[in-house]
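These notes are about the structure you will find just below.
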Amino acid sequence: MDKPTYEELEAKVKFLEERNERQESFLNMLFDTIPNPIFYKDNQGIYQHCNDAFAKTILGISKEEIIGKSLYDIPDRIPKELADIYYEKDQELFNNGGMQNYESKVKCSDNVERDYHFYKAAFLSQSQKVLGIVGVMLDISEYKKVLKELNIKNEILSELSIEDPLTRLYNRRYFEKIFARKKSLLMHHNQAFAFMFADIDFFKDYNDTFGHAKGDDVLTEIAHIFKKSFLRPIDFIFRLGGEEFGILFNFNTVPEALERAEKLRKDIENLKIPAGNTTVSNYVTISAGLGLVNPTSDKKNKLSHLYEDVDKLLYKAKNSGRNKLVYEVYNL
């Protein structure tokens, strides 16, 4: 086979150069068409190429001012503290190869700080030597914003799902959860607690006399007194339905618990809200049943009837004249 002539070799070289030039031109055009910032560094950390999105959006300078420089050669665009972080990430790829995915805040050329997800990979030779790294940046600022808003909405929904909308007290759904927790703490940790079941006396008569709008005002005002009387984080106040309220609170001594409950009853009467039925008092009052639950040995079976037992105490208070507190100590 004849050796190629000089002219043939020259033509072959020219063909390869033109093909490489076309390929490079195509890659450059592809890089600049992609809206996400992209960059390529050699294994010394020197930028060899980047697209317009990286140059203009991220750094705010031309590609020519970036290519051939390292992270530390553009201090007015990449502060040293950020350059140190990026350098450390790059070194992991230079030393170990592979890929990286991480999020970071980036101050862009318009001085707006945005959230970016970085996708970076080591570029290897056929002998598996790291030649450099390629990086693609995805702006996730809007995603993070939506996610934050969604979390806030979920928190609001979560609060609404456990809160009575009128009185802003906890609702019956949350009562079931906390009541079960209190019983569990009694069972497993011998933690005593009090359960108070209260009902506004003759509330139907109040609504019939003054109207339901005024009745709602009374519920709100009484709920406020409940909150003022039981302020501790371990106190839980519930609107269980209509004019019925529940309170779960811890106590140290029986006299102390009785004093708190009796003070609440008096504070509500002292609001001096005119009653719709003056059989018991000229003012709106409450009747209440109070169960003071102390831990002993045989608790399990007795706890299952605790709600019903305290409910009976409430009705005992109502049936014996109203505007009073009836209590019982349960040594469970």
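Figures for the structure shown
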item: Stretch in the chain that is longest and holds no trypsin sites (Lys or Arg not before Pro) that DSSP places in a loop and that have at most 11 other beta carbons within 10 Å; result: 130-271
item: Residues of type aspartates and glutamates that LYS107 reaches as a straight line, Cα spacing below 16 Å, ignoring anything fewer than 8 places off in the same chain; result: ASP76, GLU81, ASP84, ASP115, ASP139, GLU142
item: Using alpha carbons only: equivalent-ellipsoid semi-axes of the range 97-251, gyration tensor based, whole Å; result: 57, 23, 11
item: Computed label-point distance, nm, for sites GLU64 and VAL112 using a 7 Å Cα→Cβ extension; result: 2.9 nm
item: For the range 218-266 and the range 51-65, distance of Cα centres in Å; result: 64 Å
item: Net dipole in debye of the range 34-144 [+1 Lys, Arg Cβ; -1 Asp, Glu Cβ; about Cα centre; nearest 20]; result: 200 debye
item: Rel. contact order, % - alpha carbon contacts under 8 angstrom, at least six apart, the chain; result: 12 percent
item: Mean Cα-pair separation over length for the range 191-321, i.e. relative contact order, pairs under 8 Å, 6 or more apart, %; result: 38 percent
item: Extension gain from GLU21 to SER184, taking 0.36 nm per residue of separation minus the Cα-Cα distance; result: 51.1 nm
item: The chain, helix-only ellipticity at 222 nm - DSSP H runs n ≥ 4, -39,500 (n - 2.57), divided by all residues, nearest 500; result: -14500 deg cm²/dmol
item: Too-long pairs where the Cα-Cα distance tops 32 Å, listed order kept, from LYS272/LYS312; LYS63/LYS148; LYS153/LYS177; LYS153/LYS318; result: LYS63/LYS148; LYS153/LYS318
item: The chain - charge dipole about Cα centre, Lys and Arg +1 at Cβ, Asp and Glu -1, debye rounded to 20; result: 1820 debye
item: Projected label distance in nm at LYS153 and ALA11, using a 7 Å step from Cα toward the beta-carbon; result: 6.8 nm
item: Fraction of beta bridges assigned by DSSP in the chain that are antiparallel (%, nearest 5); result: 85 percent
item: Phi to ³J(HN,Hα) by Karplus 6.51 cos²θ - 1.76 cosθ + 1.60 over the range 147-156, Hz, x for Gly, Pro; result: 4, 5, 4, 5, 5, 5, 5, 5, 5, 5
item: LYS144-ASN331 pseudo-label distance in nm [points 7 Å out on the Cα-to-Cβ vector]; result: 6.1 nm
item: For the chain, convex hull volume per residue from C-alpha positions, Å³; result: 271 Å³
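Each reported figure results from applying straightforward, stated rules to the coordinates on display, with no laboratory input. As the structure is a computational prediction, the values presented were derived from the model and not from experiment. Neighbour counts are summed over all protein chains in view; Cβ atoms, including those assigned to glycine, are modelled from backbone coordinates with ideal geometry.
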